[in-house]
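Working notes for the structure below.
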Amino acid sequence: MLMSFAGTRYIFRGLGGDALGLIIFTLTLSAILRSVLELGICSTVVREVATHRTDEPDYVNDVIRMSSLLYWTAFAALSAGAWFGAPAIVSYWIHLRTVDRAVAVEVVRILGCAAFLALPRALYGSVLRGLERMELNNGVDAAVSVLQQAGTIAAVALGGSLLTVSYWVAGCFAASIFLYLWILTRLLPSSAFVPAWIPSVVRRNREFSGRMMWISLLTLAHSESDKMLVSKFLPIAETGFYGFAASLTMRAGVVASSISTAAFPSLSSVLNQYGLDAAARQYRKLHDLVCFGTVPLFAGIAFVAPWLFTFMFNASAARSLMPATILLCFATYLNCSLNMPYIMSLACGRPGIALKSASMALCITLPGSVYLVYRFGLSGAGWSWLFYQIFACAYAIPDFCDCLGISSFRWYWHLARILTLAAGTYGAAGAALAFSGVSSLQGAALGYAAASISFAVGSYALVGEEFWTTLVELTKSSLRFSRAAAM
């Protein structure tokens with residue numbers, strides 16, 4: 001995240017707002033198109049590898065081969081579409097001010113084609129998740145991300161052009177694929193990664209994958225609609241500003257997504273071996289970890305954002321981004337609170353719950369998003385993301401709770417107590433800073449530290465007993481392990 005701050009600032013300062021917006025727009029568009037062909041395969045691969053890696057290893061290899069065929073075919077089709085469709089995209093969608101049209105077309109082609117490598121990369125990452133070796137795919141992603149940002153900074157500092165940066169980013173995408181294959185062929189037979197059509201795998205996973213495909217498509221429509229609408233109705237530089245703010249809040253949500261990503265294969269295995277009660281106990285502790293653990297992260301973004309945006313861009317951009325950023329923080333936190341119920345429903349084999357919620361939201365929240373962005377600009381984009389999360393909490397939670405075997409009132413009451421505590425600590429500290437006119441980074445840091453201490457004290461009283469018992473046991477185990485290693 002720190003490297004991305006530096007990379008974004010160098011691009012904005014060295015190449016301009018149009019260049020930053022064009023890069024973010026192209027990567028966002030590529031994410032949308034590759035998600036269209038994700039087909040629910042990644043979730044299926046995680047579930048099948050986690051459940052059958054010991055009792056049906058040949059079947060697991062077949063799942064990977066079948067998925068490889070679909071994803072590499074999708075990569076080829078999407079890359080061809082990006083190459084031939086780039087001129088139309090540049091001409092009829094985005095609003096350029098300083099970047100030449102021919103350069104913009106070349107950038108869309110380079111980054112668009114390279115970004116579609118995320119499809120096979122997502123498949124290989126899903127295999128590692130199913131094997132519960134997340135340290136490997138996380139390590140590859142972190143290393144490639146740092147390499148990408150460091151190269152971007154060096155290219156701009158040495159006077160490189162927008163095309164130079166685009167080629168470097170594309171090369172990093174390709175490097176990640178080679179690293180994944182190098183690691184995976186040391187864990188599984190090399191033949192497992194040779195694409196092949198295997199009808200038995202399709203028949204066995206058709207229903208679950210089909211529902212996951214529609215969930216992916218609908219979730220994509222909601223999660224990326226604000227950025228695409230901003231790119232349509234506002235100048236491309238505004239797309240870059242908003243894209244940075246949105247990615248910042250999403251990076252804070254990585255904590256929740258990492259927990260739920262690790263939990264999915266584990267919950268699937270626990271359900272298969274020990275039943276719902278054991279899985280529900282694990283769910284409750286992980287849900288507490290997500291809901292309490294992410295509040296300080298989103299609050300920290302709200303506290304530091306005025307200084308950070310001024311440093312990254314300028315004071316005018318910071319003022320225009322702040323309302324949207326606060327809305328994005330709140331909305332993304334609500335999204336994080338839905339992560340564990342959603343993962344639990346997938347582990348139980350009930351993707352229809354999320355599918356029904358996302359389908360209803362498409363008819364209700366998406367038209368509202370168009371109006372909000374068109375009428376209110378960047379703030380409207382933030383409101384549109386919040387509107388969707390509130391709808392999801394209201395509509396999907398009763399069905400999620402039915403899957404968990406708890407009352408929906410209990411779930412809402414749990415979240416309401418956390419939000420009340422956050423408002424009484426971080427909200428009160430932010431209001432005090434605003435009323436006293438404190439705008440320095442040091443003042444914001446002191447206010448945040450005081451609020452965090454208060455939130456930690458309140459959290460200790462609210463977190464469930466199961467969570468603290470597990471935490472104490474893990475701490476004791478770690479101490480015993482450390483002592484044994486020292487001896």
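The table for this structure:
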{"quantity": "Failed condition for Thr325, given (1) under 16 Å from Ala444 (Cβ atoms); (2) among the β-branched types (Val, Ile, Thr); (3) surrounded by fewer than 22 Cβ atoms within 10 Å (Cβ to Cβ)", "calculated": "(3)"}
{"quantity": "Residue under evaluation Leu136, criteria (1) at pLDDT below 85; (2) within 19 Å of Val45 (Cα to Cα), criterion not met", "calculated": "(1)"}
{"quantity": "All helices (runs of 4 or more DSSP H) inside the stretch 387-487 with 1 or more residues being buried (at least 17 other Cβ atoms within 10 Å of the Cβ) and modelled with pLDDT of 85 or more", "calculated": "408-422, 428-436, 441-462"}
{"quantity": "Test: residue in the stretch 326-341 that is assigned to a helix (DSSP H, G or I) and either over 19 Å from the mean Cα position of the chain (by Cα) or not assigned by TED's automatic domain parsing to the domain that holds Leu289 (or both)", "calculated": "no"}
{"quantity": "Residue within the stretch 353-373 that is basic (Lys, Arg) and assigned to a loop (DSSP other than H, G, I, E, B) present", "calculated": "no"}
{"quantity": "Subset tally (residues that are crowded, with 20+ Cβ neighbours inside 10 Å and either at pLDDT 80 or above or part of a helix (DSSP H, G or I) (or both)) for the stretch 85-99", "calculated": "2"}
{"quantity": "Selection status of Ala102, farther than 30 Å from Glu56 by Cα, surrounded by fewer than 21 Cβ atoms within 10 Å (Cβ to Cβ), assigned by TED's automatic domain parsing to the domain that holds Ala82 and free of Cβ contacts under 8 Å to residues at least 40 places away in the same chain", "calculated": "yes"}
{"quantity": "Qualifying position, being among the small types (Gly, Ala, Ser), touching a residue at least 12 places away in the same chain (Cβ under 8 Å) and over 21 Å from Asp226 (Cα atoms), among Ala392, Ala331, Ala347, Ala354", "calculated": "Ala347"}
{"quantity": "From Ala76, Ala82, residue being part of a helix (DSSP H, G or I), at pLDDT below 85 and in the same structural domain as Val46 (by TED's automatic domain parsing)", "calculated": "Ala82"}
{"quantity": "Condition broken by Ile64, with the remaining ones in (1) β-branched (Val, Ile, Thr); (2) closer than 12 Å to Ala192 by Cβ; (3) in a loop (DSSP other than H, G, I, E, B) satisfied", "calculated": "(3)"}
{"quantity": "So Thr51, is it in a helix (DSSP H, G or I) and either in contact with a Ser or Thr (Cβ under 6 Å, 6 or more places away or on another chain) or modelled with pLDDT under 85 (or both)", "calculated": "yes"}
{"quantity": "Sole residue being assigned by TED's automatic domain parsing to the domain that holds Leu119, surrounded by 15 or more Cβ atoms within 10 Å (Cβ to Cβ) and assigned to a helix (DSSP H, G or I), chosen from Phe178, Phe173", "calculated": "Phe173"}
{"quantity": "Filter result for Val295 (touching a Ser or Thr at 6+ places or on another chain (Cβ under 7 Å) and crowded, with 18+ Cβ neighbours inside 10 Å)", "calculated": "no"}
{"quantity": "Residue, farthest from Thr44 (Cα to Cα), within the stretch 340-377, restricted to residues that are surrounded by fewer than 16 Cβ atoms within 10 Å (Cβ to Cβ) and of a type in the set (Val, Ile, Thr)", "calculated": "Val370"}
{"quantity": "Matching residues, the stretch 229-259, being crowded, with 22+ Cβ neighbours inside 10 Å and of a type in the set (Ser, Thr, Tyr)", "calculated": "Ser231, Thr239, Tyr242, Thr249"}
{"quantity": "Test: residue in the stretch 247-256 that is free of Cβ contacts under 8 Å to residues at least 24 places away in the same chain, more than 17 Å from Ile89 (Cα to Cα) and under 10 Å from the mean Cα position of the chain (by Cα)", "calculated": "yes"}
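Let's see how each residue does on (1) in the same structural domain as Thr294 (by TED's automatic domain parsing); (2) more than 30 Å from Thr310 (Cα to Cα); (3) not small (Gly, Ala, Ser):
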residue	(1), (2), (3)
Ile390	yes, yes, yes
Ala396	yes, yes, no
Cys401	yes, yes, yes
Gly405	yes, yes, no
Ala416	yes, yes, no
Leu421	yes, no, yes
Thr425	yes, no, yes
Ala428	yes, no, no
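The values are calculated or read from the model by the stated rules, or taken from the named source; none is laboratory data. Just so we're clear, the structure is a prediction, and the values are computed from it rather than from any experiment. With ideal geometry, Cβ positions are generated from the backbone for all residues, glycine too; neighbour counts draw on all protein chains shown.
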